[in-house]
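The values are calculated or read from the model by the stated rules, or taken from the named source; none is laboratory data. Computed from a prediction, not measured in an experiment: that's the story for all the values here. As a convention, Cβ positions derive from the backbone with ideal geometry for all residues, glycine included, and neighbour counts pool all protein chains shown.
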Amino acid sequence: MATADRHPRTALTFEVQARDDGKVEFTGSFQPGERLTVIVIREAAQEFDDLVAAAGSTLDFWDNPLDDEDWNAAPAR
């Protein structure tokens, strides 16, 4: 039966890229012999690249001096 560790922990995130041989290596401030739990999540970059690009491209909409002029002159309710 598995047991839950109820002690609070600080999560560290390392963004790394697998080497040509498939190995991953990272360096942290760990003590010799310190026990670690490593969770690996594969990053699917292509899934969100188009959404990030679309979100960034629409920022120009907010930098519109004519729109700013209309909104700044709108009466307060």
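Kindly evaluate residue 57 against the criterion of being polar (S, T, N, Q) and at pLDDT below 85.
yes
Scanning region 12-41 for residues that are surrounded by 10 or more Cβ atoms within 10 Å (Cβ to Cβ) and in contact with a Leu (Cβ under 8 Å, 6 or more places away or on another chain) gives a single hit, 30. The set of residues from region 11-56 being of a type in the set (Val, Ile, Thr) and part of a loop (DSSP other than H, G, I, E, B) comprises 13, 16, 24, 27, 37, 38, 39, 40, 41.
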